[in-house]
1. Checking residue 82 against (1) in contact with a Cys (Cβ under 8 Å, 6 or more places away or on another chain); (2) in contact (Cβ under 8 Å) with a residue 40 or more places away in the chain: exactly one of these is not met. Which one?
2. Select from region 71-113 the residues that are among the basic types (Lys, Arg) and assigned to a strand (DSSP E or B) and write down the one among them that is nearest to residue 152 (Cα to Cα).
3. In region 113-131, which residues are under 29 Å from residue 29 (Cβ atoms) and not polar (S, T, N, Q)?
4. For region 133-159, name all the residues that are in contact with a strand residue (DSSP E or B) (Cβ under 9 Å, 6 or more places away or on another chain), aliphatic (A, V, I, L, M) and not in a strand (DSSP E or B).
5. Looking at region 118-132, which of the residues that are assigned to a loop (DSSP other than H, G, I, E, B) and not small (Gly, Ala, Ser) is modelled with the lowest pLDDT?
6. Within region 29-38, identify whether any single residue is at pLDDT 90 or above, farther than 30 Å from residue 147 by Cα and not in a helix (DSSP H, G or I), and answer yes or no.
7. Scan region 104-132 residue by residue and report those that are of a type in the set (Lys, Arg) and either within 19 Å of residue 32 (Cα to Cα) or in contact with a strand residue (DSSP E or B) (Cβ under 6 Å, 6 or more places away or on another chain) (or both).
8. Look at residue 14 and say whether it is out of contact with any Lys or Arg (no Cβ under 6 Å at 6 or more places or on another chain), over 22 Å from residue 148 (Cβ atoms), modelled with pLDDT of 95 or more and among the basic types (Lys, Arg).
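The values are calculated or read from the model by the stated rules, or taken from the named source; none is laboratory data. Nothing here was measured: the structure is a model prediction, and the numbers come from that model. So basically every Cβ, Gly included, is an ideal-geometry build from the backbone, and we count neighbours across all protein chains shown.
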Amino acid sequence: MAPTKTATKTTEKRANRTSATDTASKGFSAEEKAAARERVRELKAEAAKADGKTELLAAIARMQEPDRAIAKKVHALITAAAPALTPKTWYGMPAYAKDGNVICYFQNAGKFKVRYQTLGFSDKAKIDDGAMWPIQYALSELTATEEAKITALVKKAVR
């Protein structure tokens, strides 16, 4: 009789991702996971033709102060500067789109537990200035100077 070979099952452990300091990656933070879940919810709402402005205003209403006050003012500035932009949420943040593409967004400090709010612009925004330019701006307060800068940036972004 010929000898029979038996299949052996080998298991390999998946290697943990490591950083430059060779420590195991902890993966996404709770805030990042929440933002991803929020984005899935937004995509479902968009497919159901939900009202983006209502979603955006609800996102602002959920913010803590002073984030909420600054977000309300940024919303007013953006909608006045570029009324053609469509309000929506993007990863749970207030955002403004043109032809379905996010142009700019507001990230409140409480969302990722950072020290300041930010106004960011996507690669679809036309804010290019030479070979290097900022695409995200920290906001700690809004004075007339910052309001004028935001208005000018948004107008430039949608030209």
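1. (1)
2. 98
3. 113, 114, 115, 116, 119, 120, 121, 123, 124, 125, 127
4. 135, 150, 153, 154, 157, 158
5. Once the filter is applied, the top-ranked residue is 129.
6. Yes, region 29-38 has at least one match.
7. 111, 113, 115, 124
8. Judged against the criteria, residue 14 is not a match.
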